[in-house]
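Here's the structure we're looking at; comments come further down.
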Amino acid sequence: MTSDNTEQEPVTFVDKRKIDPETGEVREGDAVPEPLVGTGAAPQPDSVDEGTVEGDVVEDPRDTQVAELTADLQRVSAEYANYRRRTDREKQTGAENAKASVVSQLLPVLDDLERARQHGDLETGPLKSVADKLAGVFSNIGLSTFGAEGDAFDPAIHEAVSHEGDGSSPVVGTLMRPGYKLGERVLRTAMVGVVDSATEESDAPASEEQ
């Protein structure tokens with residue numbers, strides 16, 4: 001025999017009407033379940049998971065991993081680019097040093113040819129042809145001479161073996177051995193005799209007469 005006092009579960013219904021029948025206003029949001037008349041049951045709020053707040057953004061660990069890998073790739077790329085630039089500079093410097101070393105050993109040959117030219121031995125004959133070809137080769141690789149009478153004396157590129165005057169305005173008076181440059185690199189300084197500028201000497205008597 002079943003007891004008449006058995007407790008029954010409350011029965012609810014959902015009012016899905018968009019217009020409130022009592023106020024005539026438009027309802028906002030989802031329909032809220034309401035208890036049936038006479039049941040005495042109250043609507044139950046939706047359950048919310050603990051630790052979850054509406055509006056929070058959950059960070060995906062894969063995004064963090066992608067960002068770290070991207071940063072590593074950028075760092076490795078920058079290091080490789082720096083390595084290539086450094087290697088290219090070292091190769092270029094090594095090639096220039098090797099070329100300068102070879103040309104420096106041939107400078108005495110150029111000195112002999114210059115002395116032969118000053119004595120008129122290179123005006124005609126096979127030696128002139130050889131000297132002209134060598135001059136063309138050295139010119140093509142960037143070898144040039146410097147040092148001429150009247151040039152301003154520069155201790156960085158001139159080696160003075162004699163000096164006349166008080167040194168107020170020194171210039172090259174005598175060229176004893178030309179200097180050589182390979183590009184902008186000085187391979188050998190010019191050996192010169194230094195004198196005072198002719199302009200300074202010519203101005204001196206004029207100032208004394210006044």
Q. Out of all the residues in segment 140-152, is one or more β-branched (Val, Ile, Thr), touching a residue at least 60 places away in the same chain (Cβ under 8 Å), open to solvent by less than 80 Å² (accessible area, probe 1.4 Å) and touching a strand residue (DSSP E or B) at 6+ places or on another chain (Cβ under 9 Å)?
A. no
Q. Within segment 163-190, can you find the residues that are farther than 30 Å from Gly94 by Cβ, part of a strand (DSSP E or B) and open to solvent by 50 Å² or more (accessible area, probe 1.4 Å)?
A. His163, Thr174, Leu175, Met176
**Q.** Cross-chain or 6+ apart pairs with Cβ under 6 Å, segment 89-113 first and free of Cβ contacts under 8 Å to residues at least 60 places away in the same chain, then small (Gly, Ala, Ser) and surrounded by 11 or more Cβ atoms within 10 Å (Cβ to Cβ)
**A.** Leu113/Ala131
Q. Does segment 87-96 include one or more residues that are exposed (fewer than 10 other Cβ atoms within 10 Å of the Cβ) and either part of a helix (DSSP H, G or I) or acidic (Asp, Glu) (or both)?
A. no
Q: Those residues that are open to solvent by less than 60 Å² (accessible area, probe 1.4 Å) and at pLDDT 85 or above, I need them from segment 122-133; list them, please.
A: Ser129, Ala131
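The values are calculated or read from the model by the stated rules, or taken from the named source; none is laboratory data. Note that the coordinates shown come from a computational prediction; the quantities given were computed from them, not determined experimentally. Glycine also receives a Cβ, built like all others from the backbone with ideal geometry; neighbour counts cover every protein chain displayed. Surface accessibility is based on the protein's heavy atoms, side chains included, excluding ligands, DNA and RNA. Shrake-Rupley method; radii C 1.70, N 1.55, O 1.52, S 1.80 Å.
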